[in-house]
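Quick note: the coordinates plus some simple rules give every number you see, no bench work behind them. Computed from a predicted structure; not experimentally measured. Note that each Cβ is placed from the backbone with ideal geometry, even for glycine, and that neighbours are counted across all protein chains shown.
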C-alpha cells in the first residue's frame, strides 16, 4: 500500500492495513505544519536541558526561579474544567493496544489515560495501530477477539479518555519532515487530535491529554503554543484542549505553579508521577558522589523528599483551582496466591487512603481489579464532592525538602539482583513490542526500568554503594549477576510460553546502560534505535 504524501514528508515505516486512514495527506500536512512551526523551539529546549545539567554537574543546586516570582505570588486561577473532567477519583492507565483499551474503558474508572509513552513500546506498528485503535474506540467501534475466541467490546458506560503523547526528548524516526525526524510528541498529538477532537466533543467529552517528562515551564509554554495553533487550524475555540502535566522530574517541582500558569487556559492540573521522579533525582545528581539512594523498595511515598513533593503538588494545584492527581502504585492483583493478593490489595488501599487524606482529588491504578478499592478510599474523604480544592495546604516546601535524598540504606544483594532481573526482563519485553509488563507481581513500565538501571549505575559509581553485608557494589559483581539473572529471566519467560529471542540483547543493553562510565540520560533512546 502506498500513500499520497504532502510535500517534504517522508515515511519509512511499512504501511499496513488501515494505516492510510490515519496517515492521510491532510493529517500529515497538519503534523508537518506543527513541526515546522515548533521544532526549532523543541531543539532549543532540549539544548537548554543539556546546559542546565552541566551547571548541576558543576555544583549548582536547583531552586525557585527569581524571574517568575511574580507568577508564584500572583492572584490567578486556571480556566474552569469541562464537565467530563470534573470528577477524577480513579484514573487507569495502559498502552494503546486494543484489548487493554477496551478493558480500561470498561474498568469503572472515571478516567482512562491511554499511553503512547512509558507503558507502550514505540515500534512503528504499536504507534500507528494504536492510532487506529483510538479512532475506532472514540467512535464506539473497537472490538477484539483473542486466540481462544473470547470477544471484548465497549460497555455503554466508559471512562473519560485522556491521551499521553511521547515526551519532548523522543523522536518518531519513521517520519521525516524536510529531511528531519518529527517529534514523537507532536506526531502522536497531531494525528490523534486532527482525527478525533471534533468527534470527542460531539460525544460529550473533548481532546484531553497528559503531558510527560517536562523539566521547565518553558517546555509547558511550548505545548500551550502548539495547542493554540492546533485549535485554530481545525476551528475549535481556544481552551477546548485540556491537559494534565505529569510532574515526574525534580526540576519541574520548582516550577509547578509556573507550569500551571503557562497552560492556564488548557490546564487540567498536575499528577505526581512518582517512578520517573525517583529516576529523575538519580539522573540529575549522578555526578554527586554524596548522593546515593537506598534500593527501590525503600523509596516509598512516605520518605521525606517524596512526601514533600507530593504535598507541594497538592498545594500548588488547589491554590490555582486545578486538580491534583495522585500517582500510581505498581502493585497489582495476584490471582494464584490469596495471601500475597491480600497484601497487595492492602498496599493499594494504604496508598489511596494516604493520597485522599493528603488532599489529592484522585489517583492512578494499573489494573481494572484495583478501581473499586481506589474509588472507595476517595469516596470516604470526598463524599459527593467532585474534588477537595477547599483543602489548602499551608506548608512551605522548597530545596531543603525536595533535595533531601534519604534513605541511603538498605542496599541488599536481593535488591541489587531484583533491579538487574527487572531491568533485563522489561527490556527484553520492550524490544519484543510490549511496554507494560507484570514482573514479580508489580506492573513495570519504562519508568521503573529506568530506576532499576540507574540505581545499579549509582551503586557502582558512588562510594556509598555498599551492600548491607559490607561488600562494595562493583562492575565485576554486577556483570556476574547480569549473567545469572539473564538465565533466570529466560527460564521464567520460557515457562510462560513466550519467545526469549530478545533477552540476550536486553542483557547486553542493560550491561552497557548500567556500567558505562558516563551516565546515559534515557534508557529508551538507544533502545528505540535498536528496534525496527
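Here are the numbers for the structure shown:
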quantity	calculated
Per-peptide average of other Cβ atoms within 10 Å, ordering 138-144, 275-281 highest first	275-281, 138-144
Read-out volume of the Cα convex hull per residue in Å³, derived from the coordinates shown; its label in [x] 173; [y] 220; [z] 147	[z]
Antiparallel content of DSSP bridges confined to the chain, in %, to 5	35
Along principal axes, Cα extents of the range 169-223, largest first, whole Å	37, 27, 14
Peptide ranges 336-345, 523-532 listed from the most packed, as the mean C-beta count within 10 angstrom indicates	523-532, 336-345
Ranked packing of 154-166, 206-218, most packed first, by mean Cβ within 10 Å	206-218, 154-166
